[in-house]
Each structure stands twice: as structure tokens, then as C-alpha cells.
Amino acid sequence: MAEAYAVFANDGVRLDGHLITKIVDAYGRKVAEWKPRRTVVTSKKVAQQMTFLLEGVIREGTGKRAAIPGRELAGKTGSTEMTIPGIDGVKDQWMVGYTPQLVGALWLGYDRPDETHYLTTTSGETAAIIFRHMMEKALADEPVVRFSLPLVKQAEREHKKREPKAPESVPPKEKPRTPGHEKEKNKKEKKRKKARKRAWRQARIAVAQGVLNLCLGAYI
């Protein structure tokens, strides 16, 4: 998994994973030495786009707890569900991620999972935290380096250029006024004034009637 994810960090180029870099004999003479072999797996653009997406997993996805303060990290969590009926858990938990300098892969689980040997947490709750501690230790003496994603930034600029511009808001046109519009408007305004006066007069009458009733009640 580390070898696969290294492709994204290496702009689409895969380097064969290895443990031994050199073999020397008892006299210090070199017997064999590992020679790197580069294989182009995908384009630079696709590799950089994958890094951009996997950074999002760390910022706001299941890999939040793997985030290393002060460093850029891209990665992905994963798990394998149990297939035994009635068991709510997972067989495996993964966390694979990388900075510009280092790729790391972490696995949690049992060699032979069964009804009593399985994991009950999610990879984001467990594997991600262990991964963060592992990478922090491994990068302790390494300088902080940022991802360089020029092709992603260029694609964003081109996309913005192709986007159609939003039409400017046009104020609604006034409806053409018909002959006698002003007269009709004045009539409506007069009617509203009359209605307000009538309502006010009725309100005064009602208040006066109430006061009168109150006085008569007190007098009787």
C-alpha cells in the first residue's frame, strides 16, 4: 500500500519497494546494491489531483485524527467488515498517507478473525491516531515541506476562465401606464382615506358607548 500511494507523492512514478539497499562482505567490499527502477503509472496531473483530494480526507474526512500539526498530509482510511452474521465489527483497519517526503502505511487486525477476535472501532478512531504518532516520530528531524500542485492550480484557473459570467441584474421594467392611471390612483387613495376616517369614527363611538355604559352602571 505504501508503494502504491507513493505514486501520488512522486507525480505518477512508482519506485519498487525494498528493504535492502546494499550488501557488503566481511571485508567491506560491495557485493550487491539496489538499483531503483522507475515506472510511470499515471500522469502528473492525475497524481496531483489525487493528492489534492486526499488532503481533503485529512482536513474534513475520516482521516482528521491523523493530521500532523504544522505539516501537510494526504491520506485515506479503510476497513474490512466482518462477514459473520450477528457480528458488528471489522476484520481490518488501514491508514495510508504521505507528506511530500514520506509515505506511511498502517494495518490493525487479527491474523485469523472470528467471533471473538475482531475490531469494534472505526479506522478513523484508532488507526488514524496511531498513524499520526508514527509519522510524527519518523518526521521529527525532517524539514516542513509543502505539496507542490501546479497542475491542479492551473486547472482551477482554466476552469474559472471557462465559467460563464453571471448576467448583470436588470431592474424590472415598469408596466406601461394606461390613460387615466393617475385619476384611478387618486380615487383609490380617497377611498382608503374615507375608510380610515370611518374606522376611526366607529372606534370613538365604541369607546364613548363603553364609557357611557360604565357611568350608567355606576349610577344605577
(message) Can you report the number of residues in the range 89-109 which are small (Gly, Ala, Ser) and either in a loop (DSSP other than H, G, I, E, B) or open to solvent by 40 Å² or more (accessible area, probe 1.4 Å) (or both)?
(response) 2
(request) Filter the range 4-24 for residues that are farther than 25 Å from residue 74 by Cβ, among the hydrophobic types (A, V, I, L, M, F, W, C) and within 44 Å of the chain's Cα centre (by Cα) and give the result. (result) 20
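Output the number of residues of the range 110-132 satisfying the condition of being open to solvent by 30 Å² or more (accessible area, probe 1.4 Å) and not β-branched (Val, Ile, Thr).
Within the range 110-132, the first condition is being open to solvent by 30 Å² or more (accessible area, probe 1.4 Å), and the residues that meet it are 110-122, 125-126, 129-130, 132.
Next, only the ones that are not β-branched (Val, Ile, Thr) stay: 110-115, 117-119, 125, 132.
The qualifying residues number 11.
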(request) Evaluate the range 80-88: report whether one residue or more is within 26 Å of the chain's Cα centre (by Cα), open to solvent by 40 Å² or more (accessible area, probe 1.4 Å) and over 30 Å from residue 142 (Cα atoms). (result) yes
(request) Take the residues in the range 25-60 that are free of Cβ contacts under 8 Å to residues at least 24 places away in the same chain and within 14 Å of the chain's Cα centre (by Cα), then tell me which one is nearest to residue 12 (Cα to Cα). (result) 53
(message) So if I check each of 81, 72, which one is of a type in the set (D, E, K, R) and either in contact (Cβ under 8 Å) with a residue 12 or more places away in the chain or touching an Asp or Glu at 6+ places or on another chain (Cβ under 7 Å) (or both)?
(response) 72
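When the residues of the range 46-64 are filtered to those that are open to solvent by 100 Å² or more (accessible area, probe 1.4 Å) and among the charged types (D, E, K, R), which remaining residue is nearest to residue 130 (Cα to Cα)?
The initial filter retains those residues of the range 46-64 that are open to solvent by 100 Å² or more (accessible area, probe 1.4 Å), namely 53, 59-60, 64.
If we keep only those that are among the charged types (D, E, K, R) as well, we get 59-60, 64.
Numbers: 59: 17, 60: 18, 64: 12 Å.
Checking each candidate, the answer is 64.
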(request) Just name the residue that is most open to solvent (accessible area, probe 1.4 Å) out of those in the range 133-162 that are part of a loop (DSSP other than H, G, I, E, B) and either among the hydrophobic types (A, V, I, L, M, F, W, C) or under 30 Å from residue 84 (Cα atoms) (or both). (result) 144
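The values are calculated or read from the model by the stated rules, or taken from the named source; none is laboratory data. These figures come from a predicted structure and were not determined experimentally. With ideal geometry, Cβ positions are generated from the backbone for all residues, glycine too; neighbour counts draw on all protein chains shown. Ligands, DNA and RNA are stripped out before the accessible areas are found, and what is left, the full protein with its side chains, is counted by its heavy atoms. Shrake-Rupley method; radii C 1.70, N 1.55, O 1.52, S 1.80 Å.
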